[in-house]
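**Student:** What follows is a single structure, and I will ask about it in a moment.
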Amino acid sequence: MQPRHFLTLEDCSAEELLGILRRASELRRVHTEGTPHEPLRGRVLGMIFEKSSTRTRVSFEAGMTQLGGSAIFLSPRDTQLGRGEPIEDTARVLSRMVDVVMIRTAAHDNVTRFAAYSRVPVINGLTDDAHPCQLLADLQTYIEHRGDIRGRTVAWLGDGNNMCRSYIRAAQIFDFGLRIGCPAEYAPQDSGIDGERIQVVADPVEAVRDADLVVTDVWASMGFEDEQQQRLDAFRPYQVNAALMAHAADDAAFMHCLPAHRDEEVTAEVLEGPQSLVWDEAENRLHAQKALLEFLLLGE
């Protein structure tokens, strides 16, 4: 029997994703109350990091521990991948030794190839194409604070990167409107941009007008540091600041997947202000991923 993988949001139905989000909120409550919950005792998570991270590593490792299991961190120096072993061979061997694998890498093809040869579930911890675990945390956070996201309007400001493409997929699955505010040369190249539910606009004010949620990310993601100044110049009009947020809905929320560069893509005033849900959003990586691990390993 083929294992269930989570490489993009489309790997689960809308109903399954909503179930994971409900379970994530339950697990947040259980954790806050200090109630022991260890359904994954004896299970092992293998974590392959070809791209560094703070939140991804800590949330997966802590989450697996809280569920009673354990996690093994593998950097390129710790695996034969760094010495040229084919991904397919690593998948065949590692999946005979652990119960689930999380991979954070650059090329999306790396996780799809690994999953094709893995005996156990594979989770995409981030690729250049998608960041589905972050979307679980974002959606959980919005629902906890504002209720159902269906029919709402989300504004994305900045690069058409993996986070932006994940929001495009989420809009299609969860039926919310998405306006992407960015320069034309940085727009996402996705067939899902239909001009009705999902639009790309050059004017940042038009992008956020009456939006229920405003989201941004760093302008130069990992791998694009050499374009830093070019991107600063291109994206400066898209900075999320108080003046721009004033065009959103009165109760609009703000999110950022972090790390944030204060006073570049977002001002400190917005990031630390009352509309910001960023810190709950960051914590919910832990709870959403615990719910995902339960779903993939236990079918719950």
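Rule-based calculations on the coordinates, nothing more; no lab input. In this text the structure is predicted, and so the values were computed from the model without any measurement. Note that each Cβ is placed from the backbone with ideal geometry, even for glycine, and that neighbours are counted across all protein chains shown.
**Student:** Using a 7 Å offset from the Cα along the Cα-to-Cβ direction at both residue 15 and residue 113, what is the distance between the two label points in nm, to one decimal?
**Tutor:** In this crude label model, residue 15 to residue 113 measures out at 3.7 nm.
**Student:** Using +1 on the beta carbon of Lys and Arg, -1 on that of Asp and Glu, and nothing else charged, what's the dipole of the stretch 1-122 about the Cα centre, debye to 20?
**Tutor:** The calculated dipole for the stretch 1-122 is roughly 240 debye.
**Student:** On average, how much area does the Cα convex hull of the stretch 68-210 cover when viewed from any direction, in nm²?
**Tutor:** Averaging across all directions leaves 10.8 nm² for the Cα convex hull.
**Student:** Please arrange 70, 52 by how many other C-beta atoms lie within 10 Å of their C-beta, fewest to most.
**Tutor:** So the ranking, lowest neighbour count to highest, is 52, 70.
**Student:** Hey, another quick one. Cα-Cα pairs above 26 Å in the stretch 133-277: how many percent?
**Tutor:** 14 percent
**Student:** Could I ask something else about it? Take the Cα pairs of the stretch 217-266, get the Kirkwood Rh, then feed it into Stokes-Einstein at 20 °C and 1.002 mPa s and tell me D in µm²/s.
**Tutor:** 180 µm²/s
**Student:** So, with +1 on the Cβ of K and R and -1 on the Cβ of D and E, and no other charges, what is the size of the charge dipole of the chain about its Cα centre, to the nearest 20 debye?
**Tutor:** Magnitude of the dipole: close to 1140 debye.
**Student:** Could you work out the helix-only [θ] at 222 nm for the chain, with each DSSP H run of four or more residues adding -39,500 (n - 2.57) and the total divided by the number of residues, to the nearest 500 deg cm²/dmol?
**Tutor:** -12000 deg cm²/dmol
**Student:** Separate question: Wrap a convex hull around the Cα atoms of the stretch 255-295, take a quarter of its surface area, and give that in square nanometres.
**Tutor:** Here the figure is 3.1 nm², rounded to one decimal.
**Student:** What's the magnitude of the charge dipole for the stretch 133-277 around its Cα centre, counting Lys and Arg as +1 and Asp and Glu as -1 at the beta-carbon? Answer in Debye, nearest 20.
**Tutor:** Dipole magnitude for the stretch 133-277 comes out near 320 debye.
**Student:** Okay, next question. Rg and Dmax of the chain, using alpha carbons, in Å: what are they?
**Tutor:** 18.9, 54
**Student:** Say each of residue 226 and residue 150 gets a label point 7 Å from the Cα, pointing the same way as Cα to Cβ; how far apart are those two points in nm?
**Tutor:** 4.7 nm
**Student:** For the chain, what relative contact order do you get, as a whole percent, if you take Cα pairs closer than 8 Å and at least 6 residues apart?
**Tutor:** Contact order relative to length: 20 percent.
**Student:** While we're looking at this one, here's another question. If you average 1/r over every pair of different alpha-carbon atoms in the stretch 5-145 and take one over that average, what Kirkwood value in Å do you get?
**Tutor:** Radius from the Kirkwood sum: 15.8 Å.
**Student:** What is the spin-label model distance, in nm, from residue 206 to residue 62 if the labels are put 7 Å beyond Cα along the C-beta direction?
**Tutor:** With each label point 7 Å from Cα toward Cβ, the separation is 4.2 nm.
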